[in-house]
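A.B. asks: Okay, handing you the structure first.
The values are calculated or read from the model by the stated rules, or taken from the named source; none is laboratory data. All of these numbers come straight from a predicted model, not from anything done at the bench. Here the Cβ is made from the backbone with ideal geometry for all residues, glycine too, and neighbour counts use every protein chain on show. Please note that ligands, DNA and RNA were not included when accessible areas were found on the heavy atoms of the full protein model with its side chains. Shrake-Rupley method; radii C 1.70, N 1.55, O 1.52, S 1.80 Å.
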Amino acid sequence: GAVAVVEGVGDHGCEYMTGGAVVILGKTGRNFAAGMSGGAAYVFDEDAGFVGRCNTEMVRLEALDAFEAAAVLAMIEEHARRTASPRARELIEHWSAATGHFVKVVPVEATRADDLAKRPYVPGRPWTRRWRAERAVLHG
């Protein structure tokens, strides 16, 4: 899937997203993530109002872990290099404070699959081995 960093999106952002990653450095419109079935969105929620603009029927909202925060920072740094974005530069300069305002948006089904993949192999349940193998291929 594609990787994108944008300054903001209007209504229906990431609607029917099936893969890739997007970092949104500004506000979103209403009905964000409606029908999202794959990929991940990382939204800078400066005003703490994102949850009210997100369609949570098919997605789960999470905090970033350290690995994800580093990946998001790297994407923002690349965006700043390519665009000279004042917004990106501001977030980079204040990264320790900004990190806590990012929200990870992921499809519920993807998180269920990841949860299954973390389960140990159980003899007599071959699906656990399949999930672990698929997870190893997808996530290293």
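A.B. asks: Does any residue of segment 44-51 turn out to be over 21 Å from Gly19 (Cα atoms), of a type outside the set (A, V, I, L, M), free of Cβ contacts under 8 Å to residues at least 24 places away in the same chain and open to solvent by less than 30 Å² (accessible area, probe 1.4 Å)?
C.D. replies: yes
A.B. asks: Whether any residue in segment 48-71 is assigned to a strand (DSSP E or B), closer than 13 Å to Val103 by Cβ and in contact with a His (Cβ under 9 Å, 6 or more places away or on another chain) is what I want to check.
C.D. replies: Step one: list which residues in segment 48-71 are assigned to a strand (DSSP E or B), which gives 54, 59-62.
So of that shortlist, the ones also closer than 13 Å to Val103 by Cβ come out as 54, 59-62.
Narrowing further to those that are in contact with a His (Cβ under 9 Å, 6 or more places away or on another chain): none.
Among the residues of segment 48-71, not one is assigned to a strand (DSSP E or B), closer than 13 Å to Val103 by Cβ and in contact with a His (Cβ under 9 Å, 6 or more places away or on another chain), which makes the answer no.
A.B. asks: So, in segment 1-36, exactly how many residues are in a loop (DSSP other than H, G, I, E, B) and either open to solvent by less than 20 Å² (accessible area, probe 1.4 Å) or over 22 Å from Asp65 (Cβ atoms) (or both)?
C.D. replies: Summing the residues that are in a loop (DSSP other than H, G, I, E, B) and either open to solvent by less than 20 Å² (accessible area, probe 1.4 Å) or over 22 Å from Asp65 (Cβ atoms) (or both) in segment 1-36 gives 21.
A.B. asks: Only one of (1) at positive phi; (2) over 14 Å from the mean Cα position of the chain (by Cα); (3) modelled with pLDDT under 95 fails for Glu57. Which number is that?
C.D. replies: Every condition holds for Glu57 apart from (1).
A.B. asks: Additional query: For Phe102, all conditions in the list (1) modelled with pLDDT under 95; (2) buried (at least 17 other Cβ atoms within 10 Å of the Cβ) hold save one; what is the number of the exception?
C.D. replies: For Phe102, the exception is condition (1).
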